[in-house]
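Novice: Please see the structure below; I have some questions.
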Amino acid sequence: MRTIQSRLNWSGVALFLLLVFPQNSSSQCLLTLDVSHTPVQQLSISDIDFEHFQSRTLLFTMEIRNPTPLPVDAVVEITMDVSLADGSVFTPALTYKSQPFPVKAGGQTFTNLDMGSGSTVIKTASFDYDDQAKKKFDDVALGTGRFPSGKYAFLVKVGCAGVTGGEVEDRFVLVLRNASRVELRSPLDGESTNQFPLFEFFTDATSARLVVAEIPPGGSPQDAINRDPAMLDVDLHNQNSYFYSGGRLLEQGKSYAWQVTGKSLGSGGLNDDIKSEVRKFTVSQTGLTEDEILRRIEEILGPKHKAVFDKIRKGEFKLTGKYTNNNATISTGELLNLIYELRDALDNAEVGLE
């Protein structure tokens with residue numbers, strides 16, 4: 001009888017343990033996952049070490065919720081697929097799996113800084129880095145200090161250790177748009193222009209800053225660019241050209257310097273800048289011809305008013321050279337500046353010929 005009673009008591013203890021510790025002793029995993037990431041546009045070789053899945057900057061955060069009253073051992077798996085701007089695709093570029101790690105009752109937040117080689121929070125169980133992806137990243141990163149432009153798609157899965165199935169997942173994508181170069185195209189260095197030059201350049205950054213500065217007698221273009229205030233200082237987004245507008249009027253016979261800075265959002269929310277060379281141009285003494293003024297007005301107003309300007313040319317109409325605004329006489333430069341300023345309003349207005 002004593003043996004039977006003892007077995008019954010131990011059976012009761014085992015049943016109690018199963019009720020109290022349901023997560024890792026049953027087939028059900030109740031963990032949930034929410035992943036957020038920082039919107040970086042650049043990653044340098046000092047920011048992350050894919051070879052050891054080790055990072056020195058915050059890239060993503062995992063909020064793992066545990067609705068049970070006790071800690072639960074979890075396992076995280078991460079896959080990264082890469083599609084580079086040059087057409088190279090690596091699927092997957094790397095895969096990572098952690099050793100079991102505890103998640104507190106109620107839940108806990110982890111980041112990529114808690115993972116990788118040497119971490120005591122989330123230790124590595126297995127890691128695979130595609131050889132071709134590694135070679136591609138190394139070739140670009142060693143030359144530029146940055147990882148190549150493209151889409152880096154992450155799939156994050158979290159499950160309970162020892163439990164089959166029930167994993168939860170979340171995804172995020174880092175789109176790297178590294179500003180690797182800025183090339184000035186027009187005006188050429190030393191070129192003569194009118195008072196409203198068209199600045200043309202190339203940059204693979206998503207945004208840029210154009211600065212135009214007057215070169216004083218005996219001064220250098222570099223000194224002029226570094227001097228405040230500039231004649232023009234404008235931020236541009238997704239465009240590689242800009243008609244001079246909004247700044248102080250460029251004067252005939254004077255020389256000016258110009259420079260473009262490509263901007264990309266790096267780790268820590270800071271801009272990583274790449275500057276172009278500094279070029280010099282001189283505004284011609286003759287100013288704009290009638291045809292140039294008409295063409296510039298047409299370019300400002302856009303193609304929707306092409307028919308009006310075709311009528312002007314077909315009818316051989318000529319500019320009088322006299323321009324007024326609210327009965328006040330204005331110069332050619334002031335006329336073009338006014339049209340620039342009214343451009344947005346003119347998009348919703350009609351332009352006619354009288």
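Novice: What's the total number of residues in the range 233-266 that are open to solvent by 20 Å² or more (accessible area, probe 1.4 Å), assigned to a loop (DSSP other than H, G, I, E, B) and farther than 16 Å from ARG209 by Cβ?
Specialist: Total satisfying the criteria: 6.
Novice: Give the residue that is nearest to LEU176 (Cα to Cα), with candidates limited to residues of the range 208-232 that are in contact with a Lys or Arg (Cβ under 7 Å, 6 or more places away or on another chain) and surrounded by fewer than 19 Cβ atoms within 10 Å (Cβ to Cβ).
Specialist: Taking the candidates together, the pick is ARG209.
Novice: Another question about this same structure. Which members of the range 194-207 meet the condition of being at pLDDT below 90, open to solvent by less than 20 Å² (accessible area, probe 1.4 Å) and not in a loop (DSSP other than H, G, I, E, B)?
Specialist: THR203
Novice: Could you please find all residues in the range 54-107 being farther than 19 Å from LYS157 by Cα, free of Cβ contacts under 8 Å to residues at least 24 places away in the same chain and hydroxyl-bearing (Ser, Thr, Tyr)?
Specialist: Selection gives nothing.
Novice: Filter the range 267-296 down to residues that are at pLDDT below 90, under 24 Å from the mean Cα position of the chain (by Cα) and either in a strand (DSSP E or B) or at negative phi (or both), then give me how many there are.
Specialist: Selection size over the range 267-296: 7.
Novice: Could you pull out the residue among THR91, THR32, THR3 that is surrounded by fewer than 13 Cβ atoms within 10 Å (Cβ to Cβ) and modelled with pLDDT of 80 or more? Give the derivation first.
Specialist: Values: THR32 fails: surrounded by fewer than 13 Cβ atoms within 10 Å (Cβ to Cβ); THR3 fails: modelled with pLDDT of 80 or more.
After ruling out the rest, the residue left standing is THR91.
The values are calculated or read from the model by the stated rules, or taken from the named source; none is laboratory data. Remember, it's a predicted structure, so these values are computed and weren't measured experimentally. With ideal geometry, Cβ positions are generated from the backbone for all residues, glycine too; neighbour counts draw on all protein chains shown. Note: accessible area is taken over every heavy atom of the protein model, side chains too, but ligands, DNA and RNA are not part of it. Shrake-Rupley method; radii C 1.70, N 1.55, O 1.52, S 1.80 Å.
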